[in-house]
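Please read the structure below before turning to the comments.
The values are calculated or read from the model by the stated rules, or taken from the named source; none is laboratory data. Everything quoted here is computed from the prediction, not taken from an experiment. Because the Cβ atoms are built from the backbone with ideal geometry, glycine has one as well, and the counts that use them run over all protein chains shown. Protein only, heavy atoms only, side chains kept; ligands, DNA and RNA dropped before computing areas. Shrake-Rupley method; radii C 1.70, N 1.55, O 1.52, S 1.80 Å.
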Amino acid sequence: MKTLLLLLSIFSFCFSFDFKLKPIKLAKNSYYFYGKEEYFSVKNGGDISNTAFIITKNSVILIDTGSSYEYAEQVKKKIKQITNKPIKYVINTHHHPDHFLGNNAFSNSEIFSTEFTKNEIAQNGDLYIANLNNLVQGAMNGTKIKVPNEILKSNELNLDGYKLKLFYLDGHTKSDLVIYDENTKILYAADLVFNKRTLATPHANIPDWIKSLEKLKKINYKILVPGHGKIDRTKNAINEDIAYLHYLDNTLKNSARHGFDIFEILARPIPKEFKSFTMFKEEFERSIINLYPKYEKRRMKNYQE
Ligand SMILES: [Zn+2]
């Protein structure tokens, strides 16, 4: 038995997980890798979020690095099949593990993020790796924390003459970076937008998130690349996410007012308008469990005052 286990562990170490990545063309020199609309698992290897890249005159700009070193290595290989230009620039949109844990595949790149995101990665990165080692296992081999080495502050980023507009927003986390490429009119909305994939809210502030989405709606983009789900050429994904956040907020407020328990909230039928969302049950449950105690506490406080 021991020998078998040893052989199995050697086997899983020698043969890396095949993510079967396919770059999807969005515009001239702009592509994205579509992540599965699932939660982290051994089967998907942690490939659950979108990653994008832009090929400029002399280099490649990569937006987010996925959830592991191996994923990022395979992203690099796929990009190399399209261009020989180096991936000189990497941008981390926020501090969730499915968006930055591939950073250590880019030892020679400039890695950009906001100061908040950088600090979160430095402080909690190892916890994220430990958690994903459990959930994803073998595909995490070789993943180490690499903290961003460039802090973003300005509203415009000029990378070898290629200009990108930056929006410093929040709501999904305390710092959500959105990138707008005026050359192609592509909006990289990060996890502020999920397209027909139920929003994940572990660090959410719902009112701030709605405000950020209202701002994004005003941008005259042609294509929106969400953090999760397929691209959107309309404003539908933003509108649906705003509607979902209002629904979540109202459900939590009304349930606290009526003194419902978590099970009563979760027993409700899925509203018609969200039936087309993937992962509704899992994410709604996660959101209620995480957010409801805060709403209950607020309700109690209001009573006492
Ligand atoms: Zn996220």
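For region 96-110, the criterion of being away from the ligand (no atom under 16 Å from the Cβ), open to solvent by less than 60 Å² (accessible area, probe 1.4 Å), closer than 24 Å to Lys76 by Cα and in contact with a Leu (Cβ under 7 Å, 6 or more places away or on another chain) is satisfied by no residue at all. Scanning region 276-298 for residues that are outside any helix (DSSP H, G or I) and over 17 Å from Tyr39 (Cα atoms) turns up just one, Ser276.
Quick one: is Asn254 among the polar types (S, T, N, Q), more than 27 Å from Tyr180 (Cβ to Cβ) and either within 16 Å of the ligand (Cβ to nearest atom) or surrounded by fewer than 18 Cβ atoms within 10 Å (Cβ to Cβ) (or both)? It would help to see each step written out before you state the result.
Numbers: among the polar types (S, T, N, Q): yes; more than 27 Å from Tyr180 (Cβ to Cβ): yes; either within 16 Å of the ligand (Cβ to nearest atom) or surrounded by fewer than 18 Cβ atoms within 10 Å (Cβ to Cβ) (or both): yes.
Yes; evaluated as a whole, the condition is true for this residue.
Does any residue of region 139-151 turn out to be within 17 Å of Asp170 (Cβ to Cβ), away from the ligand (no atom under 16 Å from the Cβ) and not in a helix (DSSP H, G or I)? Scanning region 139-151 turns up at least one residue that is within 17 Å of Asp170 (Cβ to Cβ), away from the ligand (no atom under 16 Å from the Cβ) and not in a helix (DSSP H, G or I).
Mind listing whichever residues of region 272-287 are surrounded by 13 or more Cβ atoms within 10 Å (Cβ to Cβ) and without any contact (Cβ under 8 Å) to a residue 40 or more places away in the chain? The answer is Glu285, and nothing else. Residue check: is Ile54 at pLDDT 95 or above, hydrophobic (A, V, I, L, M, F, W, C) and farther than 22 Å from Val193 by Cα? In short, no.
In region 1-35, of all residues being within 30 Å of Tyr162 (Cβ to Cβ) and open to solvent by 80 Å² or more (accessible area, probe 1.4 Å), the one that is modelled with the lowest pLDDT corresponds to Lys28.
Among residues belonging to region 71-92 that are over 22 Å from Asn44 (Cα atoms) and within 21 Å of the chain's Cα centre (by Cα), point out the one that is nearest to the ligand (Cβ to nearest atom).
Ile91
Within region 171-214, the set of residues being acidic (Asp, Glu), within 12 Å of the ligand (Cβ to nearest atom) and in contact with an Asp or Glu (Cβ under 6 Å, 6 or more places away or on another chain) comprises just one member, Asp176.
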